[in-house]
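The values are calculated or read from the model by the stated rules, or taken from the named source; none is laboratory data. Quick caveat: nothing in here was measured; it's all calculated off a predicted structure. We place every Cβ from the backbone using ideal geometry, glycine too, and count neighbours over all the protein chains shown.
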Amino acid sequence: MKRLWVLLGAGLLPLLAEAGPAINVGVVYDYLDGDKSTYLKRVFNGGDSTAFVKINIHEIIYDADGRPTELPVKSLADSSARDGLMASPARLIVPVNGMQGTRLLFMGERERERYFRVRFVPVVPEKEDEFAVSVEERDAYKQTLSAGVNVLAGYGTIFFVRPKDARFNTQIDERPGQYALRNDGNTVVVVDDLKDCAVSDENDCQPVTKTHVLPGRTFRFEKQAGRQYRFKLVEGAAQKNVEVKG
């Protein structure tokens with residue numbers, strides 16, 4: 001049977017494959033507090049063959065309209081290190097039903113909040129990939145994946161690096177027909193697990209949402225009569241349950 005290699009984007013999707021690795025990186029959003037410089041990220045492999053995982057990092061830059069652009073992480077002026085986030089190690093060999101960890105290390109300017117996309121990409125090891133395996137081991141691995149359809153699922157996560165002096169300042173503006181939440185702090189706040197349901201029927205609900213409100217941005221929604229809105233306002237380690245009626 002002819003092999004088919006498929007790389008999936010960000011998101012936690014079910015895997016249907018006859019053979020191969022199946023990695024899981026846990027939560028999609030991670031946050032580095034202002035007083036921390038390293039973060040341990042674990043990768044699990046629930047598949048039936050070893051996972052060879054490459055970790056790629058790009059910085060996300062938002063323009064004035066909130067549109068994101070991904071750029072390679074630059075080096076510091078003296079070229080001694082990267083100005084941003086780096087993974088150590090950037091190559092993982094994760095055994096079947098096993099786990100390996102990589103340490104995400106931030107270096108550089110931290111007067112403002114910064115954002116990074118971290119991609120965990122399973123690969124078939126080649127010589128240039130710098131995995132610590134011999135030619136014989138690479139060939140043997142390829143042979144184990146030689147039959148059937150193999151799905152190599154990669155995951156893209158978002159990594160928030162809070163500024164050194166993180167400050168939360170969330171302003172609420174509630175009016176008839178509208179609810180608005182403005183982030184006047186210098187670090188992201190989260191409107192988590194937002195439920196929009198009818199007061200008279202708890203089963204009449206819109207899909208649950210999660211929204212990151214970046215500094216200087218406003219999150220708002222239209223209130224409708226007969227409906228209620230519940231969510232968790234997350235400001236770092238602090239959480240507050242909020243209920244809004246239409």
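Test each condition in (1) more than 25 Å from Asp192 (Cα to Cα); (2) surrounded by fewer than 18 Cβ atoms within 10 Å (Cβ to Cβ); (3) among the hydrophobic types (A, V, I, L, M, F, W, C) for Ile55 and report the one that comes out false.
Against the list (1) more than 25 Å from Asp192 (Cα to Cα); (2) surrounded by fewer than 18 Cβ atoms within 10 Å (Cβ to Cβ); (3) among the hydrophobic types (A, V, I, L, M, F, W, C), Ile55 comes up short only on (2).
Please report, ordered by residue number, the strands (runs of 3 or more DSSP E) entirely within the range 1-51 with at least 2 residues that are at pLDDT below 95.
5-8
Kindly provide the set of residues from the range 168-196 that are loosely packed, with under 13 Cβ neighbours inside 10 Å and among the small types (Gly, Ala, Ser), ordered by number.
Gly177
Please work out which one of (1) crowded, with 17+ Cβ neighbours inside 10 Å; (2) assigned to a loop (DSSP other than H, G, I, E, B) is the condition Glu109 fails and give its number.
Single failed check for Glu109: (1).
Can you name every residue in the range 38-49 that is surrounded by 13 or more Cβ atoms within 10 Å (Cβ to Cβ) and either among the hydrophobic types (A, V, I, L, M, F, W, C) or over 13 Å from Val118 (Cα atoms) (or both)?
Val43, Phe44, Asn45, Gly46, Gly47, Asp48, Ser49, listed by residue number.
Scan the range 172-194 residue by residue and report those that are farther than 30 Å from Arg110 by Cα and within 22 Å of the chain's Cα centre (by Cα).
Leu194, the sole residue that qualifies.
State all residues of the range 131-149 that are at pLDDT below 75 and over 30 Å from the mean Cα position of the chain (by Cα); if no residue qualifies, say none.
Passing the criteria: Thr144, Ser146, Ala147, Gly148.
Name the pairs: first residue in the range 227-241 and touching a residue at least 40 places away in the same chain (Cβ under 8 Å), second residue outside any strand (DSSP E or B), Cβ to Cβ under 6 Å, at least 6 apart or on different chains?
Glu235/Phe168
Out of all the residues in the range 150-173, which are assigned to a strand (DSSP E or B) and at pLDDT below 95?
Asn150, Val151, Leu152, Ala153, Tyr155, Gly156
Kindly indicate which of Ala153, Ala132 is closer than 30 Å to Pro21 by Cβ and free of Cβ contacts under 8 Å to residues at least 60 places away in the same chain.
Ala132
Looking at Glu235, Glu202, which is the one that is acidic (Asp, Glu) and loosely packed, with under 14 Cβ neighbours inside 10 Å?
Numbers: Glu235 fails: loosely packed, with under 14 Cβ neighbours inside 10 Å.
Step by step, each of Glu235, Glu202 is checked, and only Glu202 is acidic (Asp, Glu) and loosely packed, with under 14 Cβ neighbours inside 10 Å.
Which ranges mark the strands (runs of 3 or more DSSP E) fully within the range 184-241 that have 2 or more residues being more than 19 Å from Pro68 (Cβ to Cβ)? If you could, list the steps in order and put the result at the bottom.
Values: elements: 189-198, 209-213, 218-222, 227-235.
Filter on the range 184-241 gives 189-198, 218-222, 227-235.
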